[in-house]
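Quick notes on the structure that follows.
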Amino acid sequence: MKVEFFRHNISETDIKNLNKVLRTLLITTAGVTGKFEKDFAAYLQCPHVIGVNSCTNALFLSLLALNIGPGDEVITTPLTFFATANAILYVGAKPVFVDVEAETGLIDPVLIEKAITKRTKAILPVHLYGQMCDMKRINSIAKRHGLKIIEDAALCMEGVRDEIRPGQLSQGVCFSFHAIKSITSGEGGAIAVNDSGLDKKLRLLRLHGIGGTVLTRVKDKIKKQDMILLGYKCNMYDLQAALLINQIERIEVNLQRRTFIYDRYQAAFAGNPKIIFPTIVAGSQSAKTMFPLWVDVKKRDKYLVDLQNQGLGVDIKYHPVHLSTYYRRKFGYKKGDFPLAEKISRSTITLPLYPKLKDKELDYVIKIVNRVIV
Ligand SMILES: Cc1ncc(COP(=O)(O)O)c(C=O)c1O
């Protein structure tokens with residue numbers, strides 16, 4: 001049997017929506033994008049959502065909108081996708097990594113506070129594997145030191161911790177609609193903010209610093225156009241929004257199915273002494289977007305190969321950012337700088353976890369994992 005690492009969940013309804021929009025006049029950023037933004041804001045219970053073309057650019061524009069730039073430092077985790085730290089570099093600021101908690105892999109709030117300097121302007125926590133960071137603690141640190149928070153919730157639109165959802169204790173939260181995310185348009189992203197001034201600025205930044213949309217321009221007979229600030233080309237457009245709109249209604253059903261799969265994995269591997277996995281903090285709801293196994297570092301690569309030879313689509317989420325060639329060369333990072341993030345990364349095997357995973361595929365994954373990892 002072959003089990004893919006991920007299969008998207010785009011339905012016939014989504015494809016029909018896309019076809020419908022393809023037959024309209026304005027297929028760029030227009031009414032459908034606006035509707036998606038409203039519907040997604042309602043789902044998140046956040047007042048403002050700005051649709052963009054990736055989570056990477058959502059992070060980049062959010063940092064820009066908060067005036068973070070050269071000379072500033074932003075504290076983040078090395079256990080994430082490169083995009084998180086790269087966004088900090090794009091605005092000319094310096095990513096300052098701190099290590100993670102051993103049990104969850106999430107950024108360690110104690111270490112955040114220790115890393116704060118006069119140059120620190122913001123904290124960029126990442127809700128890893130779908131589990132939210134301790135936003136209450138991170139928010140209280142930020143308040144004490146006058147720092148901003150931008151959340152990377154690429155994997156966590158469904159998370160809840162201490163009754164807090166993404167975006168409720170920060171200046172902004174960034175989402176991804178990349179191919180293997182909870183809802184997808186192949187590529188895409190969004191920023192949710194609480195402040196209407198920030199919303200306005202982000203709308204300018206996402207499209208060349210020009211106010212309005214194609215809808216306002218079509219109606220304007222004088223065809224005025226002005227550029228207010230140096231913006232970028234990061235707008236979500238209606239074909240992406242058409243694919244996403246109906247998926248919002250399925251977020252909760254999909255979460256239930258992922259939870260079922262996650263719980264089956266947990267139960268099946270709990271008795272295997274060679275496997276551990278991250279702890280889900282009591283009282284929190286993880287979005288359960290990824291199931292990482294943490295295995296013996298020395299055997300991980302062999303397991304990876306053996307699992308793939310048995311037809312399992314597996315991956316490593318994530319490689320430590322600071323040990324990539326670029327970050328080593330630029331900042332002089334070396335092995336051992338963030339030992340917990342490195343150990344977790346070197347022991348990780350990420351399993352297939354998505355709503356379309358069939359029961360018989362799930363049974364097969366469990367059987368093979370317990371046969372290979374001994
Ligand atoms: C944790 C995390 N942050 C940011 C991103 C970037 O998302 P996008 O591909 O939409 O730019 C990803 C993508 O995989 C991610 O996993």
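Taken together, the values in this text are just the output of simple stated rules run on the coordinates, not laboratory data. Because the structure is predicted, anything quoted here is derived from the model rather than measured. Please note: Cβ atoms are built from the backbone with ideal geometry, for glycine as well, and neighbour counts cover all protein chains shown.
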Item to check | Pair-distance profile P(r), taking every C-alpha pair of the stretch 166-299, with 5 angstrom steps and integer % | outcome: 2, 8, 12, 14, 15, 13, 10, 8, 6, 5, 3, 2, 1, 0, 0
Item to check | Dipole axis of the chain (+1 Lys, Arg; -1 Asp, Glu on Cβ), positive-most option in Pro109, Tyr326, Ser176 | outcome: Tyr326
Checklist outcome for this item: In the neighbourhood of Glu101 defined by beta carbon distances under 10 Å, the net charge of the other residues (Lys, Arg +1; Asp, Glu -1) is -4
Checklist entry - According to a simple spin-label model (label point 7 Å from Cα along Cα-to-Cβ), what is the distance in nm between Arg328 and Gln308? => result 2.1
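For a quick check of your reading of the filter: which chymotrypsin sites (Phe, Trp or Tyr not before Pro) in the stretch 114-185 sit in a DSSP loop and have no more than 12 other Cβ atoms within 10 Å? Mind showing how you got there, number by number?
Numbers: sites: Tyr129, Phe175, Phe177; in loops: Phe177.
Answer in residue order: no site qualifies.
Note the full-extension length gain between Asp226 and Ala115 as 0.36 nm times their separation in residues minus their Cα-Cα distance, in nm to one decimal.
On the way: separation 111, 0.36 × 111 = 39.96 nm, distance 4.19 nm.
Length gained between Asp226 and Ala115: 35.8 nm.
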Checklist entry - Label points 7 Å out from Cα along the Cβ direction at Ala179 and Asn19: separation in nm? => result 2.4
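At R0 = 35 Å, how high is the FRET efficiency between Lys299 and Lys143 if r is their beta carbon distance? Nearest 0.05 is fine.
Efficiency computed from Cβ-Cβ geometry: 0.20.
By count of other Cβ within 10 Å, fewest leading, how are Thr80, Thr117, Thr56, Thr24 ordered? Don't jump to the answer; show the numbers that get you there.
Details: Thr80 27, Thr117 9, Thr56 24, Thr24 12.
With the fewest neighbours first, Thr80, Thr117, Thr56, Thr24 line up as Thr117, Thr24, Thr56, Thr80.
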Item to check | Estimated inter-spin distance, Phe82 and Arg371, nm [label 7 Å along Cα→Cβ] | outcome: 3.6
Checklist outcome for this item: Within the stretch 92-111, the residues whose backbone N lies under 19 Å from a label point placed 7 Å from the Cα of Thr279 along the Cα-to-Cβ direction are 99-111
Checklist entry - Taking a ≥ b ≥ c as the square roots of the eigenvalues of the Cα gyration tensor of the stretch 251-372, is the shape rounded (a/c under 1.5), prolate (a/b larger than b/c) or oblate? => result prolate
Item to check | Largest-first principal axis extents of the Cα set of the chain (Å) | outcome: 73, 53, 38
Next on the checklist: Need the list of lysines near Lys114 for cross-linking: C-alpha distance under 28 angstrom, and skip anything on the same chain fewer than eight residues off.
Outcome noted: Lys94, Lys136, Lys143, Lys148, Lys317, Lys330, Lys334, Lys335, Lys343
